[in-house]
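Accompanying notes for the structure given below.
The values are calculated or read from the model by the stated rules, or taken from the named source; none is laboratory data. Model, not experiment: these values are computed from the prediction. Ideal geometry is used to build each Cβ from the backbone, glycine not excepted, and the neighbour counts take in all protein chains shown. Side chains are part of the model used for accessible areas, which takes the heavy atoms of the whole protein and leaves out ligands, DNA and RNA. Shrake-Rupley method; radii C 1.70, N 1.55, O 1.52, S 1.80 Å.
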Amino acid sequence: MTDTTEPTPKGPPKTIGRMARREMRFAYSMLAPTFLIVLAVVLMPLIANFWISFKPVQLSDLRPPQLNINERIRGDIENAGDAVELEYRLRNTSQDASIYEAGFVDIVPDGLTVTGVDERCVVEDRQVSCTLGDLPPKFRDSIRLQVIADTAYLQTPVNPRDSDPAAFGSAENILTNFEFTLDNFSRIFSSPDFWKVLRVTFYYTVFGTASALVLGLFAAQLLNQSFRGRTALRGLFLFPYVAPVIAVAFTWVILLDPYSGTLNALLVRSGMIGTPIDFFGQRDIPISVFGFTFDFPVALTTVIAFEAWRYFPLSFLFILARMQALSTDVYEAAEIDGATPLQQFWYISLPQLVGILAVLFLLRFIWTFNKFDDIFLLTGGAAGTRTLTVDVYEQAFAVSNLGAGAAVAVVVFVVLLAFALLFFKFSPQDEG
C-alpha cells in the first residue's frame with residue numbers, strides 16, 4: 001500500500017509564525033502607552049472613590065492641618081527708641097488633627113532691634129526661629145518679641161504683614177493614611193431614607209428608560225414611512241436631545257408653574273382640574289381607580305416625563321437606522337399574505353429590533369441611573385424625586401461628608417455593574 005500523505009513543509013510556516021509573533025509583540029508595545037493612559041483615566045477616579053468610601057472624610061479634611069500665623073506690631077512708634085512688641089498669633093486650622101514638630105521662621109523688619117525673645121524662639125542675624133513642638137487641635141497661642149525702633153524704621157516703616165512667616169510641621173492626612181472603616185456603609189444602610197431613595201431611583205430609571213424607548217420606537221415607526229416633510233420632521237425630533245439642558249429644564253418649569261404656567265391655565269379653564277397642580281413641588285395626589293385609592297407620585301412622574309421627552313431622540317435615531325436596514329421583501333410577502341400592519345410590526349419588525357432595543361435599554365438604564373442634572377435643575381431632589389446621584393451630592397457637599405457620599409457612589413457602581421453582568425448574560429439576541 002502506497003503512502004499518499006504529503007510531506008509537511010517545515011521551513012516557511014515556522015518563519016511566518018515567528019514573524020507574526022514579532023509583529024504582534026511590536027503592535028502590543030506600540031499600543032501599551034494608550035492602554036495605560038486609558039486605564040489610568042478610567043481606573044484612577046474609581047480607585048480614589050473606593051478609597052474615600054472607607055474613610056471618615058469630611059469636606060474640611062481636603063485641606064490638611066496648617067499652622068496659621070498672623071504677624072503684627074503692638075504699640076505705637078512715634079520716636080526713635082520707642083519700645084513695642086512684635087506679636088505672632090498662632091492657630092491650628094484643624095479642629096480634629098494635630099500638627100507635629102511645628103514652628104516657623106521669620107525675618108525681623110529693617111529698623112527694628114530685638115531686645116527680648118520668647119523662650120521658644122531664637123534670633124540670629126535678624127532671623128527669628130521658633131520651635132513650638134506638637135500642636136493639638138484647636139490650638140491658639142501668641143508669641144511676643146520686644147523690639148526697639150530706630151530712625152531708619154521711622155523714615156521707611158515696614159508693615160510686618162508684607163512678609164509672611166514660613167511655617168513648618170507635619171500632620172497626618174486622613175486621605176493618605178491606611179486606616180479604614182465601614183462606618184460610612186453602616187450609616188447609609190441603616191438609614192431608612194437610603195432605601196426610599198433606592199426605590200425612587202429604580203422607579204425613575206426603569207420607567208424613564210422604558211418611556212424613552214417606547215417613544216423612540218413610535219417615532220421611528222412613524223418616520224420610517226415616506227411622506228413630504230419627513231426630513232424636516234426628523235430634524236425637529238432631535239431638538240430635545242441637542243438643546244441645552246438648562247434651557248429646556250427652565251422651559252418646563254415655566255410651562256408647568258402652578259401660578260403662571262400654561263398647562264395649569266389650560267387645565268383649569270377647560271374644567272379638567274379645579275385648582276392648579278404644582279407638578280414639580282407636589283409629592284403625591286390620591287387617585288381612585290375602580291374603587292382602589294392610591295397615591296400618585298406627581299413630581300416624580302413629571303420628572304420621568306421630562307426624561308422620556310428629552311432622551312427619546314437617541315432611541316429614535318438607532319431604531320430608525322436599524323429599520324431602514326431591514327429588507328422590504330419580507331414585508332411585501334407578508335402584505336400579500338394578508339398580514340395587517342400591526343402583525344407585520346409584531347412578527348417581522350420587532351424580532352429584528354430586539355438586539356438594538358436591548359443595547360439601548362442597557363445604555364439608557366446606566367445613563368438614567370447616573371442622571372443628576374435633570375432632577376437637580378427641575379426639583380433639586382425635593383418632593384420625592386431624590387435619587388442616589390442626588391444623594392451623593394447631598395452627602396458630599398450639603399452635609400460635607402465626603403466619605404458617605406463616596407459610599408453611596410460605590411453602591412451606584414455595584415448596582416450598575418450587577419445589572420450589566422445580568423443583562424449580558426440574559427439579554428436577547430438580534431434575529432437580524
Review point. Out of all the residues in region 297-309, which are open to solvent by less than 20 Å² (accessible area, probe 1.4 Å) and either within 17 Å of VAL242 (Cβ to Cβ) or not hydrophobic (A, V, I, L, M, F, W, C) (or both)?
Key: THR302, PHE306, GLU307, ALA308
Check your understanding: Among the residues of region 352-364, is there at least one that is charged (D, E, K, R) and open to solvent by 20 Å² or more (accessible area, probe 1.4 Å)?
Key -> no
**Study point:** Test set (1) open to solvent by 30 Å² or more (accessible area, probe 1.4 Å); (2) touching a residue at least 24 places away in the same chain (Cβ under 8 Å) - MET323 fails condition number
**Key:** (1)
Study note, to complete from the structure: Checked region 129-144 for anything polar (S, T, N, Q) and over 16 Å from ARG72 (Cβ atoms); matches are SER129, THR131
Exercise for review: Being β-branched (Val, Ile, Thr) and within 21 Å of ALA308 (Cα to Cα) is the filter; apply it to region 239-269 and report the residue that is least open to solvent (accessible area, probe 1.4 Å).
Suggested key: VAL248
Practice item. Quickly run through region 270-295 and pick out the residues that are open to solvent by less than 80 Å² (accessible area, probe 1.4 Å) and either of a type in the set (Asp, Glu) or within 21 Å of GLY380 (Cβ to Cβ) (or both). Key: PRO276, ILE277, ASP278, PHE279, PHE280, GLY281, GLN282, ASP284, ILE285
Point to revise | Filtered residues of region 326-339 (kept if open to solvent by less than 60 Å² (accessible area, probe 1.4 Å), in a helix (DSSP H, G or I) and either in contact (Cβ under 8 Å) with a residue 12 or more places away in the chain or not assigned by the TED database to the domain that holds VAL206 (or both)) | key: TYR331, ALA334
Exercise for review: Please state which one of THR385, THR302 is within 28 Å of LEU256 (Cβ to Cβ), modelled with pLDDT of 90 or more, in contact with a strand residue (DSSP E or B) (Cβ under 9 Å, 6 or more places away or on another chain) and not aromatic (Phe, Trp, Tyr).
Suggested key: THR385
Exercise for review: Looking only at region 178-185, decide whether some residue is touching a residue at least 40 places away in the same chain (Cβ under 8 Å) and touching a strand residue (DSSP E or B) at 6+ places or on another chain (Cβ under 6 Å).
Suggested key: no
**Study point:** Residues located in region 92-128, provided they are of a type in the set (S, T, N, Q) and under 30 Å from ASN79 (Cβ atoms)
**Key:** THR113, THR115, GLN127
Exercise for review: Sort through VAL410, VAL392, VAL415 and tell me the only one that's of a type in the set (A, V, I, L, M), open to solvent by less than 70 Å² (accessible area, probe 1.4 Å) and touching a residue at least 60 places away in the same chain (Cβ under 8 Å).
Suggested key: VAL410
Review point. Do you know which residues across region 46-61 are within 14 Å of GLN95 (Cβ to Cβ), open to solvent by 50 Å² or more (accessible area, probe 1.4 Å) and in a helix (DSSP H, G or I)?
Key: LEU59, SER60
Study note, to complete from the structure: Checking ASN79, ASN70 in turn, the sole residue that is in contact (Cβ under 8 Å) with a residue 12 or more places away in the chain, in contact with a strand residue (DSSP E or B) (Cβ under 6 Å, 6 or more places away or on another chain) and farther than 30 Å from ILE188 by Cα turns out to be ASN70
Exercise for review: Tell me, yes or no, whether region 79-100 has at least one residue that is more than 29 Å from TYR153 (Cα to Cα) and of a type in the set (Asp, Glu).
Suggested key: yes
